[in-house]
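Here is the structure we will look at, set down as structure tokens.
The values are calculated or read from the model by the stated rules, or taken from the named source; none is laboratory data. Predicted, not measured: the structure shown is a model, and the values here were computed from it. Every residue, glycine among them, receives a Cβ derived from its backbone with ideal geometry; neighbour counts consider all protein chains shown. Heavy atoms of the whole protein, side chains included, go into the accessibility calculation; ligands, DNA and RNA do not. Shrake-Rupley method; radii C 1.70, N 1.55, O 1.52, S 1.80 Å.
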Amino acid sequence: MSPSSSKKDAKVVVVGGAGTIGSSTALHLLRNGYTPSNITVLDTYEIPSAQSAGNDLNKIMGIRLRNPADIQLSMEARDMWLNDEVFKPYFHNTGRLDCGHTPGEIKSLKEAYETSVNAGVRLEKTTEWLDSEEEILKKMPLLDREQIKGWKAVWSSDGGWLAAAKAINSIAEVLKKEGVKFGFGGAGSFKAPLFAEDRTTCVGVETVDGTKYHADKVVLAAGAWSPTLVDLEDQCVSKAWVYAHMQLTPEEAAEFKDTPVVYNGDLGFFFEPNEYGIIKVCDEFPGFTRFKQHQPYGASSPKKVSVPRSHAKHLTDTIPLESEASIGRAVDAFLPRFKNKKRFNQALCWCTDTADANLLICEHPKWKNFILATGDSGHSFKLLPNIGKYVVELIEGTLSKELKDSWKWRPGSGDALKSRRAAAARDLADLPGWNHDGETDSITASIDQLKLSKEETAKTGGGPAVEI
């Protein structure tokens, strides 16, 4: 599909297109000259999808430096957040403070600092090593000196946070204005690929309501739901992380305005409050799974799959009791003045890990024209402006060999349950406190959820629904 003349006629369906990678793909199809009416975005929920991990108050912006491909994509994404009209209103360049207090964390921070300043991409001009509480407090005076004794930190002046849901909605406005087609609800929820008579060439998809969409290429960009929809042969394991919101007074919010993102690998992280005075706090841990016997399309029989539970469908779900405690410890360390504030909208947010934390962006090895674009591993939102560019390059056969090798189909290449995290994820079945089905007093959680506007509420998941 490389000749430009063929783009006008090529039909592309993006499954999970109301989330991060899917919406970016649809945008770059437009920017590469595809006819808008030949692009179809499918999702259970309208864009930004209520169960996409990207439908969130905020995400951290930073440069990823594990390998040359990471550097290339991260630097390109940063430039687009700064300069692209679709994205630049949603990058809050407040700076980022990565802290540590244990010997292991400090060692990792020092290594990360040295990698940054030696990367050859001018990060030495925006990155500083902070060797004392005094230096840390100069960057973030609202931290409590007693709580940060012994801390070291890396300061990144070009970091900050991204207004996640608003940025995806900005893409949505472009797609709608240009005439891209959409299918939502049952008409947007993936059921199965459609095949030609050879049973190996994908010619579209069928959704759960029976609608059939014919296409030259199908892109599955369903985030944490991807392994539940098609058999990925254990290359991806979907995991949940947790967050909580706190409501600040106007005076408190004004004091914390424009403060940097503060991250500590042993505790968690927090952001400045949004325009409504809502501040988000997260803890840091290896994630939670939810394993079930489930048969994704392409599997010969039911198998053990970590199946996300959509917070958009289960409004009374909260977080495990131990997560409430760990978020409390993060608040005590970062924001001790707010330790008695009520935390609300406590919820699970689903992503999907690969073993090596690289994306899975490739053509399915058995199904021609069926493209996989998933495996975010919790670090892909910052690539919203540009990741779709590379999905389109794959569609057109122009993706670089380096990226092809990084993102290739690779079953058996490692342990996605642990990935590159400190430990393997634990299963929600073993953890009390998060599932409130049938509890009448949990209606309060639903009310708190609904009080926030769709745009400003941190929703969970990524991609179309699976009824499980």
* **Check: the range 170-329 dipole with +1 on Lys, Arg Cβ and -1 on Asp, Glu Cβ, in debye** => 780
* DSSP beta bridges in the chain, what fraction antiparallel, as a percent rounded to 5? -> 70
* Structure fact -> Between (1) 34; (2) 23; (3) 27, the structure-derived percent of Cα pairs over 37 Å apart is (2)
* List the trypsin sites (Lys or Arg not before Pro) in the range 150-254 that DSSP assigns to loop (not H, G, I, E or B) and whose Cβ has at most 13 other Cβ atoms within 10 Å. Which are they? -> ARG199
* For the range 19-69 and the range 318-349, what is the separation of their C-alpha centers, rounded to whole Å? -> 29
* Asked: Using a 1.4 Å probe, what is the accessible area per residue for the chain, in Å²?
  -> 39
* Cα centroid separation, the range 169-214 to the range 381-421 (Å) -> 22
* According to the square roots a ≥ b ≥ c of the eigenvalues of the Cα gyration tensor, what is the shape class of the range 164-236, taking rounded for a/c under 1.5, prolate for a/b larger than b/c otherwise, and oblate for the remainder? -> oblate
* Give a quick list of GluC sites (Glu not before Pro) in the range 269-350 that DSSP marks as loop, anything other than H, G, I, E or B, with at most 10 other Cβ atoms within 10 Å. => GLU275
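I'd like the FRET efficiency for LYS292 and GLU322, computed as 1/(1 + (r/R0)^6) with the beta carbon distance as r and R0 of 25 Å, rounded to 0.05. Could the numbers behind the result be given before it?
Working: r = 21 Å, r/R0 = 0.86.
Efficiency at R0 = 25 Å is approximately 0.70.
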* To do: With a 10 Å radius around each residue's Cβ, average the other Cβ atoms per peptide and rank 287-296, 252-261, 11-20, highest first.
  => 11-20, 287-296, 252-261
* Structure fact -> To the nearest 20 debye, the range 36-83 has a Cα-centred charge dipole, built from +1 on Lys and Arg Cβ and -1 on Asp and Glu Cβ, of 220
* To do: Could you give the size of the charge dipole of the chain about its Cα centre, using +1 on the Cβ of each K and R and -1 on the Cβ of each D and E, expressed in debye and rounded to the nearest 20?
  => 800
* What residues qualify as long-range amide H neighbours of ALA50, i.e. H under 5 Å apart, gap of 5 or more or another chain, H built at 1.01 Å from N? -> TYR45
* Structure fact -> The orientation-averaged projected area of the Cα convex hull of the range 358-430, in nm², is 6.5
* Which loop GluC sites (Glu not before Pro) in the range 111-201, with loop taken from DSSP, have no more than 14 other Cβ atoms within 10 angstrom of their Cβ? -> GLU197
* **Difference of contour (0.36 nm per residue) and Cα-Cα distance, ARG122 to LYS212** => 27.4 nm
* To do: Of the options LEU109, ILE39, GLY438, report the single residue whose Cα projects farthest towards the positive end of the charge dipole of the chain (beta-carbon charges: Lys, Arg +1; Asp, Glu -1).
  => ILE39
* Asked: With the dipole of the chain worked out from charges on the C-beta (+1 for Lys and Arg, -1 for Asp and Glu) around the Cα centre, which of ILE387, VAL203, GLY100 lies farthest toward the positive end?
  -> VAL203
* Net charge near TYR213: determine it from the other residues with C-beta under 14 Å of the C-beta of TYR213, scoring Lys and Arg +1 and Asp and Glu -1. => +1
* Output the direction-averaged projected area (hull surface divided by four) of the convex hull of the alpha-carbon atoms of the range 302-380, in nm². => 8.5
